[in-house]
Amino acid sequence: MSSPDPTSAEAVAQLRSQDVPANPEPETPLRETAARVTARGRRVAARLARRGMAPVLRRAEAAVGFRVQRMVDARMERMVADALDGDPAVSQVREIAERGGLDPDRARERDEAVHGAHVNLELLKGELRHLQETLDELGMAFAPGAGLAGAGARYAELRESVYALERRLRTAGGAPAAAPVARATSDGTPAVLSSTLFDYVGFERRFRGDPDAILTTLVDRYADLLSDHQPVVDVGCGRGELLGMLAERGIDVIGVEPDPGMAAEARARGIRVHEELAGDWLRSVPDGSLGAIITTHVLEHLELDDMIELLELAAVKLRPDSVFISETPNPASLIVLGNSYLLDPTHVRPLHPSLLSFLCEKAGFRDVRLRFYSPAEDYHLPMTAVDEDVPGWARELTGSVNKGFTVLNEVLFGPQDYAVIARTPPAPES
Amino acid sequence: MTAPARLAVHVGRDVPEGLTAVLSALPPDVQPVAASAREALPEGSVAHLYCSDVLPRRPATPYAVWRVPGADADDLDVPVIADAGARHVRPGDLQVSLRPWPDQARPVLPFTRAGLRRLRDLPARLVGEARAGGVSWGVPGETQSAAQLDTWPTLAALASAVVATGEELWTALAWAAPAVTDAAGARMLGLTPEEDVLVGADPATRSRLAAELADDELRAARLARSGWQTARSHLPAGVAAELCRRLGIPRTGSSASGLSLALDALGTPPHSLVRRRARASTVGLPGAVTSGWRPDREEHS
């Protein structure tokens with residue numbers, strides 16, 4: 001129920017209805033009694049007068065009010081009609097209203113909502129940028145060996161989260177493309193993971209280990225080979241860390257990364273980045289124009305058909321006798337399958353080394369080789385050494401156990417990553 | 001169509017509550033955009049608003065500063081905005097109030113108040129006073145009547161003068177009532193004594209001041225005008241409009257000509273009847289004691 005207008009007769013009547021003396025001034029008993037008697041007399045007289053006059057007033061009010069109302073209505077109607085008919089602007093207003101475009105209240109509400117959302121978004125961006133600055137300063141303040149165990153890694157993780165948020169905000173308004181989906185969808189079809197909320201960058205940072213160490217390892221493994229086959233294309237280059245290190249060695253590099261935020265960061269490193277899906281970009285380049293293609297931990301995120309198409313495109317776009325390198329988790333090592341592979345919810349399927357070799361060969365590559373890296377040696381079952389003077393049966397038993405352990409170590413704790421290194425067929429001799 | 005002017009906003013980690021309200025109340029032709037010292041200035045930026053905790057040594061001009069508690073923003077020769085509830089407010093600072101504007105409140109000028117009192121059969125000289133738990137009203141010097149606190153808007157709208165503090169004072173200012181308060185009440189709402197309100201140290205003094213005010217219609221009108229304007233200027237919309245003015249951000253339209261603009265937009269002919277009626281509706285009331293005050297021209301849109 002809405003309260004009456006405070007200036008209305010009803011509001012004033014409400015004020016009067018609570019008419020009781022406030023803070024009565026001290027008076028002599030005689031004056032007080034006289035005042036009370038006078039007030040009561042006035043009230044009684046007023047009540048009697050109201051009671052007597054009320055029917056008369058009501059009749060008069062009804063009669064006069066009706067006539068006045070009729071006169072006012074007729075006059076108002078005439079005035080309004082004159083005003084509306086005589087003004088050409090009114091017809092325009094009517095026309096607009098009939099088209100449904102003139103609802104000022106709704107328009108105002110809509111404008112206010114849009115404006116409010118815009119302000120909140122801008123303030124959120126401002127907050128994030130400030131956080132980025134703070135984190136950068138904090139990062140610089142972390143001196144090596146400061147004794148803060150794990151602080152550096154946690155800091156890096158936090159920083160990545162903030163930057164990922166900022167990237168999402170920067171692209172706000174379009175589809176909320178999360179980094180993992182964009183990275184996984186290297187060839188045009190949606191990834192299996194439908195979540196846009198999963199913080200893939202933070203996940204990687206937490207579970208994939210020290211990124212600097214990983215990068216250094218990758219460079220050690222492939223830089224020499226890649227330097228002989230330029231330009232080098234990194235499919236799903238992310239923030240371009242690997243390409244940046246290759247470029248420092250004077251290697252001509254090209255990145256392909258569909259995520260705008262990551263592509264922007266890669267460009268900031270001075271790398272040439274194509275911000276599109278790998279399949280789209282590969283189709284656009286001339287056949288036999290690329291020196292090498294490398295993908296690290298990308299293929300296991302793709303659907304089978306997408307992966308096959310990517311491999312076939314790569315085989316066509318590479319020059320003769322060029323290299324294709326794809327590094328991926330090794331599911332033949334059961335500790336990998338049961339841990340790191342299952343840990344990542346964006347993985348689509350485990351790629352057995354034999355399967356990937358087969359697919360590469362079917363795509364047109366030749367000389368497909370596998371290289372295995374990083375056995376889980378920390379878990380290896382220990383071999384038992386036997387002295388020369390132990391009995392024969394003990395030596396035999398120890399050898400048997402060691403042989404079993406070797407097999408178990410291979411199956412359970414084998415190499416955690418492997419790479420397929422394939423070459424395109426050499427050019428036919430002229 | 002011209003692009004909107006952009007106000008580059010540099011916020012810290014915690015966004016002040018009032019900042020959101022003020023930015024939301026910016027005129028439609030002024031667009032706030034987040035800015036950072038590390039990135040290029042957004043295109044179309046004409047001024048900057050820094051939170052004081054991120055104010056750089058050499059800020060880009062023109063700029064204003066939002067004073068964040070605990071940060072140093074004193075002695076600046078630029079517009080400074082004090083957040084809602086800020087303890088330290090310098091003269092000239094823009095002060096934001098997040099108190100809701102009372103429902104139905106509109107300025108009722110002394111002339112109109114007098115007419116309404118006659119119409120409602122109330123005393124010609126009527127003083128209302130808000131106290132803890134209730135209100136009292138009546139002719140100064142005579143016995144006062146008591147009423148519930150929820151009738152305060154009626155007294156704020158119709159009394160010749162009121163005595164109030166806190167929320168009741170805010171309500172009184174919203175109805176443009178000539179008001180008397182204590183020093184704490186004036187300070188809390190950022191009011192200037194003798195200009196926006198009269199200030200009395202004790203209840204007897206305040207009642208006396210209100211009685212004097214009820215006799216001086218011209219002074220009451222000036223006080224009512226100033227108090228209402230100051231209260232309005234503390235609303236986010238008022239602060240936003242003043243901020244734009246002080247930063248020299250160009251405005252394409254103003255509330256005073258809002259009706260004319262709307263008629264222009266509709267292509268209304270210059271000598272049309274509706275234009276004449278619009279002009280007639282905004283003409284001042286003849287004989288009104290308003291000191292030339294035209295509240296309808298001062299609304300912040």
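Laboratory data are not the source of any read-out in this text; all were calculated from the coordinates shown. What you see is a predicted model, and the numbers here were worked out from it, not measured in a lab. Every residue, glycine as well, gets a Cβ built from its backbone with ideal geometry; the counts of neighbours run over all protein chains shown.
A few points about this structure:
- Projected label points at B:Arg118 and A:Phe198, each 7 Å from Cα along the beta carbon direction, are separated by 7.9 nanometres.
- Placing a pseudo-label 7 Å from each Cα along the Cα-to-Cβ vector at A:Ser227 and B:Met188 gives an inter-label distance of 7.6 nm.
- Three-way shape label, chain B, alpha-carbon gyration tensor, a/c 1.5: oblate
- Within 10 Å of each Cβ in B:145-158, the average number of Cβ atoms from other chains: 5
- Peptide packing: for A:401-409, A:264-272, A:304-312, the average count of neighbouring Cβ atoms within 10 Å per residue gives the ranking A:304-312, A:264-272, A:401-409, highest mean first.
- Cβ-derived FRET efficiency at R0 22 Å, A:Ala427 paired with A:Arg283, nearest 0.05: 0.50
- Neighbouring partner chain Cβ atoms per residue of B:28-37, average, 10 Å criterion: 5
- Charge tally for B:Asp202 (other residues, Cβ to Cβ under 11 Å; Lys, Arg +1; Asp, Glu -1): +1.
- The A:Glu377 and B:His88 beta-carbon pair, evaluated with R₀ = 45 Å, returns a calculated FRET efficiency of approximately 0.10.
- For peptide A:129-135, the mean count of partner chain Cβ atoms within 10 Å of a residue's Cβ comes to 5.
- Under 15 Å from the Cα of A:Lys362 - aspartates and glutamates, other chains or at least 8 residues apart: A:Asp305, A:Asp306, A:Glu309, A:Glu312
- Amide proton proximity set for B:Arg131, modelled H, under 5 Å, gap of 5+: B:Ser136
- Annotation: peptides B:131-144, A:323-336, ranked by per-residue average of other Cβ atoms within 10 Å with the highest first, follow the order A:323-336, B:131-144.
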